[in-house]
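K.L.:
Next up is a structure, given as structure tokens.
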Amino acid sequence: MSGRLPQPIDADAPLFVISVAAQLAGMHPQTLRTYDRIGLVSPRRTAGRGRRYSRRDVARLRLIQQLSQDEGVNLEGIRRILAMQTEIEQLRVQVAELAELVRAGRAAPPASRVFTAEQSGAVHLGGRARPTWQPQRALPGPPAR
């Protein structure tokens, strides 16, 4: 043995045929076809158009099952819940990326910063040059200097 640990399986790798995915999710294969047709779960397709479900797809199917049977949520409600979950996941990734940018900006010496901002909200590129952007005011106020 080479001493290397096996690589973890990608949660999005298309591994399971429809019968196995249906069994793992506790559903009938026809239900999976219906969910694919209405867009609740979109498995990858083989060259012959066969469906291949990932671990993430099976987890999504289990969530749909729970929401539908245990919580009494209809399919449109489930669609909205899934869309909001996807959006939340994307926003979490974006927040993590922005937090890393902020950390890197704070760690950088002031002379290397790309822009500076005044308390008034004016933003300057490359240090103390003339303002390149002014915040919009909701109410009229004193003119910016």
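None of the figures in this text is laboratory data; all of them are computed from the coordinates on show. No experiment lies behind these values; they were computed from the predicted model shown. Glycine gets a Cβ as well: all are built from the backbone with ideal geometry, and neighbour counts include every protein chain shown.
K.L.:
What fraction of the Cα pairs in the range 18-78, stated in percent, has a spacing above 20 angstrom?
P.N.:
Of all Cα-Cα pairs in the range 18-78, 18 percent lie more than 20 Å apart.
K.L.:
Sorted from fewest to most neighbouring beta carbons within 10 Å, what does the list Met84, Met27 look like?
P.N.:
Met84, Met27
K.L.:
Continuing with this model, one more query. Per-residue HN-Hα couplings for the range 83-99, Karplus 6.51 cos²θ - 1.76 cosθ + 1.60 at θ = phi - 60°, whole Hz, x for Gly and Pro?
P.N.:
Here the 3J(HN,Hα) series is 5, 5, 4, 4, 4, 4, 4, 5, 5, 4, 4, 5, 4, 4, 5, 5, 4 Hz.
K.L.:
Taking neighbour counts of Cβ atoms within 10 Å as a proxy for exposure, in what order, fewest first, do Leu5, Leu82, Leu61 appear?
P.N.:
Leu5, Leu82, Leu61
K.L.:
Short version: ³J(HN,Hα) in whole Hz for each residue of the range 14-28, in order, from phi by Karplus 6.51 cos²θ - 1.76 cosθ + 1.60 (θ = phi - 60°), x for Gly and Pro, what are they?
P.N.:
x, 10, 9, 6, 4, 5, 5, 4, 5, 5, 5, 8, x, 10, 7
K.L.:
Read phi for every residue in the range 43-57 and hand back ³J(HN,Hα) as whole Hz from Karplus 6.51 cos²θ - 1.76 cosθ + 1.60, θ = phi - 60°, with x for Gly and Pro.
P.N.:
Result, rounded to whole Hz: x, 6, 10, 7, 4, x, 6, x, 7, 10, 9, 9, 4, 5, 4.
K.L.:
Arranged by the count of other C-beta atoms within 10 angstrom, fewest first, what order do Asp70, Asp12, Asp57, Asp36 take?
P.N.:
Final ranking by Cβ density, sparse to dense: Asp70, Asp12, Asp36, Asp57.
K.L.:
Additional query: Extension gain Gln119-Met84, at 0.36 nm per residue separation less the Cα-Cα distance, in nm?
P.N.:
9.1 nm
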